[in-house]
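The values are calculated or read from the model by the stated rules, or taken from the named source; none is laboratory data. Since this is a predicted model, take the numbers as computed values, not measurements. Please note: Cβ atoms are built from the backbone with ideal geometry, for glycine as well, and neighbour counts cover all protein chains shown. For the accessible areas, the whole protein counts, side chains as well, though only heavy atoms, and no ligand, DNA or RNA atoms are used. Shrake-Rupley method; radii C 1.70, N 1.55, O 1.52, S 1.80 Å.
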Amino acid sequence: MFERPGGGEKAVLVQLDFGQGDVAERLEELKLLAASAGATTVAVVQGRRERPDAALYAGKGKVAEVAEAIRDAQADIAIFNHELSAAQQRNLEKELGCRVVDRASLILDIFAQRAKSHEGKLQVELAQLQHLATRLVRGWTHLERQKGGIGLRGPGETQLETDRRLLGKRVKVLKERLKQLERQRAVRRRARMRREMLAVSLVGYTNAGKSTLFNALTKAGAYAADQLFATLDTTSRRLYLGESGQIVLSDTVGFIRDLPHSLVAAFHATLEETASADLLLHVVDSASGDRDAQIEAVNGVLEEIGAAQVPQILVWNKIDATGVEPAVERDAYGKISRVRVSAKSGAGLGLLRQALAEMAQMHALPSSPVVNAA
């Protein structure tokens with residue numbers, strides 16, 4: 001059996017260019033993902049193709065190059081920055097003689113390492129099972145062992161059928177537990193709505209600085225680190241804004257391009273907090289050369305979870321790295337569209353608090369609904 005990623009394995013990264021552009025940014029992101037999963041990058045293999053190879057995704061010549069890189073660096077694992085089919089993954093593992101992980105599996109593994117709360121762990125397990133149920137590259141015999149094994153298998157049932165049945169049973173249990181937690185969350189949300197406080201959610205690309213900004217505004221002490229997906233569990237705090245009263249500010253999981261659909265589905269209860277917010281603060285790493293694509297990726301996920309219509313203000317974070325002055329920008333109608341800040345240095349946070357106070361006052365007026373300024 002191959003080793004599970006996350007134990008300090010040496011990894012060869014594979015990035016192919018199919019003409020989609022921003023290859024350099026995608027490769028840098030893959031390196032960050034690999035490091036976040038606990039892997040050490042020892043080699044990178046790149047190439048260009050018109051379309052993926054049906055059997056090996058990368059084609060025989062490129063796979064031979066990857067195999068050579070694995071041998072030279074004595075690597076433990078090959079990580080493809082693409083989505084592989086079950087057959088492609090199986091064929092690649094046979095050709096390369098090591099474990100092969102695709103982008104979706106890598107992200108799921110990081111989530112599994114980061115999950116701290118009971119709900120977060122349930123959500124990650126559900127996402128992993130739903131993703132792997134479609135492939136079953138390796139057997140799920142550990143599920144059988146948990147249930148006792150002997151006497152469990154039906155007459156004439158193959159191992160694959162047993163694995164699928166056991167896996168389906170576990171998925172059903174997880175969904176029921178998460179539904180119960182979702183109902184509890186809905187009760188708390190209704191209680192907040194009755195108090196008529198503005199509900200604000202921080203959203204953004206992973207590592208854009210959401211948790212750092214959340215801590216700077218609320219002094220909450222939420223975990224913040226220079227790594228991908230440092231935050232998985234939603235944290236909510238009240239924020240006092242002087243004469244404008246209080247708002248509820250929530251820090252949420254970061255988004256990323258090509259986020260696995262099973263992950264979005266499993267985190268439905270957590271992400272619903274975002275969809276039910278009155279206002280989104282879309283935190284952007286303004287120092288990133290890939291920021292426009294990141295904004296687009298976040299908006300894509302927001303649309304997928306039903307939050308596309310929630311009003312948002314862009315928070316242009318990390319201005320300390322770009323030398324830009326803090327400021328509040330408004331659109332042609334005078335509505336706040338963007339606030340330039342540095343969560344790290346504190347520059348512009350006073351302006352952001354003023355912007356939130358303005359939105360809270362508008363929210364308190366029934367005749368003045370918040371207008372989408374994004």
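The listed peptides 289-300, 246-257, ordered by packing as a protection proxy, come out as 246-257, 289-300 (highest mean of other Cβ atoms within 10 Å first). Report for the stretch 1-125 the percent antiparallel among DSSP-assigned beta bridges with both residues inside it, nearest 5. Antiparallel bridges: around 5 percent, rounded to the nearest 5. Near Asp17, the amide H atoms lying under 5 Å from its own belong to Gly47, Arg48, Arg49; only residues 5 or more places off or on other chains count, and H is placed 1.01 Å from N.
Treating r as the C-beta distance of Arg71 and Asp17 and R0 as 22 Å, the FRET efficiency rounds to 0.35. How much net charge surrounds Lys335 when only the other residues with a Cβ under 11 Å from the Cβ of Lys335 are counted, with Lys and Arg +1 and Asp and Glu -1? Residues close to Lys335 contribute a combined charge of -1. At full extension, Asp331 and Arg48 could sit 97.7 nm farther apart than now, given 0.36 nm per residue minus the alpha carbon distance.
Ordered by solvent-accessible area of protein heavy atoms (1.4 Å probe), largest first, the residues Arg185, Arg26, Arg49 come out as Arg49, Arg26, Arg185. Return the subset of Lys116/Lys219; Lys10/Lys318; Lys10/Lys62; Lys60/Lys94 for which the Cα-Cα distance in this structure is over 23 Å, preserving the input order. As for pairs spanning more than 23 Å Cα to Cα, those are Lys10/Lys318.
What separates the Cα centres of the stretch 278-350 and the stretch 33-95 is a distance of 35 Å.
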